[in-house]
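The values are calculated or read from the model by the stated rules, or taken from the named source; none is laboratory data. Just so it is clear, the model here is predicted, and its values are computed rather than measured. All Cβ positions, glycine included, derive from the backbone under ideal geometry; neighbour counts span all protein chains shown.
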Ligand code: AMP
Ligand code: ZN
């Protein structure tokens, strides 16, 4: 199996990925909280995970990708109450919007996309096990808490104990909310008894009416779908503590085995140097960027062209550089494909099915070596552009060009660029006098509202290989 390496937050080291079973890698990604439009920061994380999955596939692994939908938590409930709509109606709407954005970004669909609300029973069973084993306790109001002191490895992922907690923090009172900033050894809630501001969102449980805590949702769904492939678990860096720490505690105490061996976290995206969050209302969505005239692939490039482990600062200027880099890639791809007579989408489909797994990397070996080294995308792009610099597909030998075409498109697949979205500037060709005068006649007919003649001349121009593009200022001729 060819090596691919990722940085493991658990060991703080970059390690080769070794699957727990055959060549299948289980990959669990904490999914979106479906209460609002995902912003470009969220997509930085989801896109990095997409490149991770694609690169594992190119490295020869079969990946089982699970990404949950958080469709019940403090935020989703607050939104449904604010809008006066049932929780499901709100979360299904935002799920659909999320799926549309993922499609426009050319992201691979996860194989399994479980919803927290469809797994209440599994969550109740996990709590029952934890209560039986003495890792949890109930409170007077019917909530159930995880007893942090019962798990001596608590804090292993976030190195909590090394951060010199004060005694008062270590003795902190139990925490009820899903998200908390405080680095604390406090017990956290797994089952929340029904409160007035939950509206009609509740389920029955052995402890009375209530709902699960956010951390428990991921533990139960990850165990259910990847219990036999506990390889990679991933999310944004804000999830290291408390979310992932708590997931590990609940899962390892209930199942008595290691809950995922590789923990991979994506650093945050800043906008114009500042923090971006839904609550601060300073976020861009994909629509905002498209409205500025950039295709989703351009935003994809800008969001993923830095190392996923470093904070990046997003600026609108970065989109122009992304656009011209993509134009170079598209031009090179078009030339290669034209020379060997292949079609881009069929070739990419074959690559996705692993049909070219054994083909040599040819002049793109160094670019792949950078990519498989903890997704060093900036270095991989550097090597990719230097490999194509000065190379003219028309001058390559038959052997070289088919090898290079496949290898180049394996990288394009791994990076997930939909090159068909990249606008290519057409070479301007001067129209002959006959065409220019026909176009002028058509314009005059249009001005005179003689639509029949205008249409008839447009068709005539079309049959002669010219297209008319009307604008407010007038018209332009373009060679078809
Ligand atoms: P949420 O929908 O809030 O649950 O977040 C979905 C994913 O986006 C999680 O993996 C978060 O860690 C991640 N995330 C949230 N904000 C940012 C940001 N500014 N930059 C990168 N990732 C983020
Ligand atoms: Zn999660």
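Summary table below
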read-out: Residue check, residue 319 in contact with a helix residue (DSSP H, G or I) (Cβ under 9 Å, 6 or more places away or on another chain), away from ligand 2 (no atom under 16 Å from the Cβ) and under 30 Å from residue 247 (Cβ atoms); value: no
read-out: Failed item, numbered, when residue 87 is tested on (1) at pLDDT below 95; (2) crowded, with 18+ Cβ neighbours inside 10 Å; (3) away from ligand 2 (no atom under 16 Å from the Cβ); value: (1)
read-out: Among residues of region 56-79, those that are in contact with a helix residue (DSSP H, G or I) (Cβ under 8 Å, 6 or more places away or on another chain), over 22 Å from residue 224 (Cα atoms) and more than 16 Å from ligand 1 (Cβ to nearest atom), counted; value: 2
read-out: Failed condition for residue 187, given (1) within 16 Å of ligand 1 (Cβ to nearest atom); (2) surrounded by fewer than 23 Cβ atoms within 10 Å (Cβ to Cβ); value: (1)
read-out: Of the criteria (1) within 21 Å of the chain's Cα centre (by Cα); (2) surrounded by 14 or more Cβ atoms within 10 Å (Cβ to Cβ), which one residue 96 fails; value: (2)
read-out: Flag for residue 45 being under 21 Å from residue 232 (Cα atoms) and within 16 Å of ligand 2 (Cβ to nearest atom); value: yes
read-out: Residues of region 127-145 that turn out to be part of a helix (DSSP H, G or I) and either over 15 Å from residue 188 (Cα atoms) or outside the structural domain of residue 187 (by TED's automatic domain parsing) (or both), as a count; value: 3
read-out: Conditions (1) at negative phi; (2) away from ligand 1 (no atom under 16 Å from the Cβ); (3) at pLDDT 95 or above; (4) surrounded by fewer than 18 Cβ atoms within 10 Å (Cβ to Cβ): number failed by residue 208; value: (1)
read-out: Flag if residue 265 is closer than 23 Å to residue 127 by Cα, in a strand (DSSP E or B) and within 21 Å of the chain's Cα centre (by Cα); value: no
read-out: Test: residue in region 26-48 that is more than 21 Å from residue 417 (Cα to Cα) and away from ligand 1 (no atom under 16 Å from the Cβ); value: yes
read-out: Members of region 234-250 that are touching a residue at least 40 places away in the same chain (Cβ under 8 Å) and more than 8 Å from ligand 2 (Cβ to nearest atom); value: 234, 236, 240, 241, 242, 245, 246, 248, 249, 250
read-out: Contacts under 7 angstrom Cβ, first residue in region 258-280 being on the phi > 0 side of the Ramachandran plot and within 16 Å of ligand 2 (Cβ to nearest atom), partner modelled with pLDDT of 90 or more and not in a strand (DSSP E or B), 6 or more apart; value: 260/230; 260/231
read-out: Residue 411, sole failed condition from (1) touching a strand residue (DSSP E or B) at 6+ places or on another chain (Cβ under 8 Å); (2) modelled with pLDDT of 85 or more; value: (1)
read-out: Residues within region 211-247 that are more than 16 Å from ligand 1 (Cβ to nearest atom) and either outside any strand (DSSP E or B) or within 25 Å of the chain's Cα centre (by Cα) (or both), tallied; value: 10
